[in-house]
Structure formats: structure tokens, C-alpha cells
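J.: What follows is a single structure, and I will ask about it in a moment.
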Amino acid sequence: MSPLKKSIITMLTGLLTLVAVMGIGRFSLTPQIPLMMHDGYLSLSTAGILAAMNYVGYLLGAVHVSRLQKNHALYLKAGIAATVLVTLLSGMTSQFALQCLYRFISGVGGAWALIIVTSWTQHNLAAHSPRLSAAVFTGPGVGIALTGVLAWVMSAHHLDSAHSWTVYGAVALVVSLAICRYLPAEFTAVRPGAGKNEPIGGELKKLVLIYTLAGFGYILPATFLSQMAHAVLPNPNLAAFFWPLFGLSAVAGVLLVILFSGRFNTQASLAFAMILQGAGVAAAVAFPGAWGLLFSTLLTGLGFLSIMQLTMKFAREISSISVSRTVGLLTSGYATGQLIGPLISSASVWFFGSLQPAIIIAAMGLVAGGSAVMTLNRQKVRAAAQGR
């Protein structure tokens, strides 16, 4: 097999893994929320709790992988299998407690799969095929677009939430079966002698905090976008259009970063992407109605995966610790931000009867994080690296 063909297969395997575990396994909850509310399984407040259970699992899975020293390939496959299984099982119960358990397991499995497959693809592609390496990050956006199209079709056929879960699980299963033979049989994501005792520089710690704000900032529109669209638009078929649009915008954001990667430095690009996404999140409140929601969907989607991609790239520029631990640390921070988001949304609904205060706080967090990116001292990082 030629090196180019091998690289393309690695890229597609990573991309489709993220389609299955993130685009479908994680983000199918977003179009499911209005359906589950319509079926009487959820309220706007309990939907925030259900989403939070996914992020608790995601956080614990990320912390676990960041300390993992071996068996990465095994945990990658287990993460994919667990996520697909609980997506299928979600269609077999209306019990809130079981749904919370399934979302928790999906979060753990999603973190295992995302961090390990990202480490594997970056390890194999970043040095000699940087564009293919970057293309892996389109996976969640492709999955969201696919989820949105499925939601649109199922809405047109009036499927309830239980049958919709089954469809999502079946599609995730097909995707996972298509890639299983190409997943690594063995993969060590940690350099020999490296691991949990690797020193973490001060600038990387700051970047983790900034990435935590990114996770908090985007998660409310990403979780409640479908519900917001159904509340604004009386036509359910038109409302369903916004979720695939979010996914396509996310893919476009990654492609724009790939296209202009040589023209702008990573630090400035990351700061701009976070501030732009903050403006998009705020648009849902500043311009109530369909046009504000459209503007919010486009800008929030554009920033979603491009921020992830740029943060991972910037972390490699300012730190020399292993890719696996870097991705694990950043994902732990991101998961913490995602966990805080639904809790604040539940509090916002409880005290104010609306998501708007929580959305305003989320937008402010993104703008603050983007501004903080520019305070990171690249010269200080280089000097510290040369002194080791």
C-alpha cells in the first residue's frame, strides 16, 4: 500500500470514528430534545440535566485517558462500541434515570474514542500530511450534518423519539462496522518514559483554562439549538433545517482553517475564532427571531470545530509533552466547560424562566477566552523549551 493511500485511509478512519461517536453518539441528543419533550419524557430543565450527564462521563473519560499508559487501541474500540450500544438502547426506554445512565456511558466512550483516535491520527499524519491531519476534525461536523438530515427526514415521517434513537444507533453501527478493520491493532500514544509525570508548562495550563471557556461557550446553542428553532419557527420541517446547517458550518470552519493555515498564525486565528463564535452565540439573544437564530447557527458552527483544531495545533506549538496527554488535558478542560453549561442553563430556566441569561454568560465567556489567547507568551514558551 502506498504511503498516500495509507494516509488517506487513516484520515477517513479517524473522521468516521468521530462521525459515529460525536456527530451521532453525542450530538443526536440535540434534535432529540424537542422530540423527547413532545413525547413527555423531558422538560427544558431536565433536558439540561440529561445533557450534563453526558459531560460528566465525557470529563471522567478524558481524565482517564490523559493518565492512560497502555491499551489505547483497546479503549478506542471499547469507546466506539459503548457509544453505539447505548445509542441503540436509548430507543428502548422512557425512564429518565436510564437515559441519564446511557448519556453518561456515551460520554465516557466518546472521550475515549475522540482522544485516542485524535492522538493516533495526529501521530501518523501531522508531520507529513498536515492537511489530512486537519481534515479529521471535520468528523463531528459531518456527523452533525448527517444527524440533522436524518432528523429532518424522520420529522417528515412523524417518527417519535424512541424510533429516532433506533435509527441513529443503526446508522452509527453501520459506520463503526465500516471502519473496524482499519482501526489500529496496537497503538501507544505515550512516548517511552513519558506520561503523567511530564511537566506541564504554565502557558499550556492557561490554554487549558481558555479551552474550558470554549467548551462552556458553545455548548448551550449546540445542545438547545433544535429546541430554540422549534420555539421560534412554527413549521417543524423548517426548524429541523437549522441542525444540519450547524454541522455544515462546522465543516466549513475547519476547511477555512486548512485553506488559510499558512497565511495567519495559530494564536491570532484561535483568538479570532473564539470571539467570532461569541458574537454568534450572542446573536440568538440580540436578534430574536429566525434571522438571529440563522446568524447564530452559522457563526457558532463556524467556530465549533475550528476552535478545536486550532487549540490542538497551538498546544503542540507551545508544549513538548506527548500528544495523548496534551489532547487529554485539553479535552478534560473542554468537558468541564461543557458540564458547567447545562447546569447554568437549568439554573437560568429555574430562576428566570428562560435560557437567555445563560446564553449571554456563554457569549461573554467566549469573548473573554479569545482575548486571553493573545496574552499567552510564545517567546516565553520557546525560551523554556530551549532551556530544558
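The values are calculated or read from the model by the stated rules, or taken from the named source; none is laboratory data. Quantities reported herein were computed from a predicted structural model and do not represent experimental measurements. Please note: Cβ atoms are built from the backbone with ideal geometry, for glycine as well, and neighbour counts cover all protein chains shown. To get the accessible areas, we keep the full protein, side chains included, count just its heavy atoms, and leave off ligands, DNA and RNA. Shrake-Rupley method; radii C 1.70, N 1.55, O 1.52, S 1.80 Å.
J.: To the nearest 20 debye, what is the magnitude of the charge dipole of the chain about its Cα centre, counting +1 on the Cβ of each Lys and Arg and -1 on the Cβ of each Asp and Glu?
T.: That gives a dipole near 1380 debye.
J.: Follow-up question, since we're still on this one. Keeping all protein chains in position, work out how much accessible area Tyr41 exposes to a 1.4 Å probe, and write it in Å² to the nearest 10.
T.: 90
J.: Would you grab the residues whose amide H sits under 5 Å from the one on Gly25? Only those 5+ places off in sequence or on another chain, please, with H modelled 1.01 Å from N.
T.: Correct list: empty.
J.: Hey, what do the phi angles of segment 22-38 turn into as Karplus ³J(HN,Hα) couplings, whole Hz, using 6.51/-1.76/1.60 and θ = phi - 60°, x for Gly and Pro?
T.: Taking θ as phi minus 60°, the curve returns 9, x, 9, x, 8, 8, 5, 4, 4, x, 7, 4, x, 5, 5, 5, 5 Hz for segment 22-38.
J.: Something else: For the cross-link pairs Lys6/Lys313; Lys5/Lys206; Lys6/Lys70, which exceed 29 Å when the distance is taken from alpha carbon to alpha carbon?
T.: Lys5/Lys206
J.: Further question: Using every Cα-Cα pair within segment 261-388, state what percent have a distance larger than 19 Å. Mind dumping the intermediate values first?
T.: Details: 4576 of 8128 pairs.
The calculated P(r) of segment 261-388 puts 56 percent of pairs beyond 19 Å.
J.: Could you calculate the contour length gain from Trp291 to Leu60, that is, 0.36 nm times the residue separation minus the distance between their Cα atoms, to one decimal place in nm?
T.: Values: separation 231, 0.36 × 231 = 83.16 nm, distance 3.79 nm.
Net length gain for the segment: 79.4 nm.
J.: If each DSSP helix of 4+ residues adds -39,500 (n - 2.57) and the sum is divided by the residues in the chain, what number results at 222 nm, nearest 500 deg cm²/dmol? Present the calculation step by step, with values, prior to reporting the outcome.
T.: Details: 16 runs with 301 residues, N = 388.
Mean residue ellipticity, 222 nm, calculated: -26500 deg cm²/dmol.
J.: Turning to a different aspect of this structure: Give the Rg/Rh ratio for the chain, taking Rg as the radius of gyration of the Cα atoms and Rh as the Kirkwood radius, to two decimals. Show your work: numbers first, answer last.
T.: Details: Rg = 19.6 Å, Rh = 20.6 Å.
Reported Rg/Rh, Kirkwood definition of Rh: 0.95.
J.: For the chain, with a Gaussian network of springs between Cα atoms less than 10 Å apart, report the residue from Met274, Met53, Met374 with the top mean-square fluctuation.
T.: Met374
J.: So with the 1.4 Å probe, I'd like the accessible area per residue for the chain, rounded to whole Å².
T.: On the way: 15810 Å² over 388 residues.
For the chain, the solvent-accessible area averages 41 Å² per residue.
J.: Right, another one. Of all accessible surface on the chain at a 1.4 Å probe, what whole percent is carbon and sulfur? All intermediate terms of the calculation are to be shown ahead of the outcome.
T.: Details: 10950 of 15810 Å².
Carbon-and-sulfur percentage of accessible area, whole number: 69.
J.: Could you check which residue among Thr336, Thr223, Thr166 shows the biggest mean-square fluctuation in a GNM of the chain with a 10 Å Cα cutoff?
T.: Thr166
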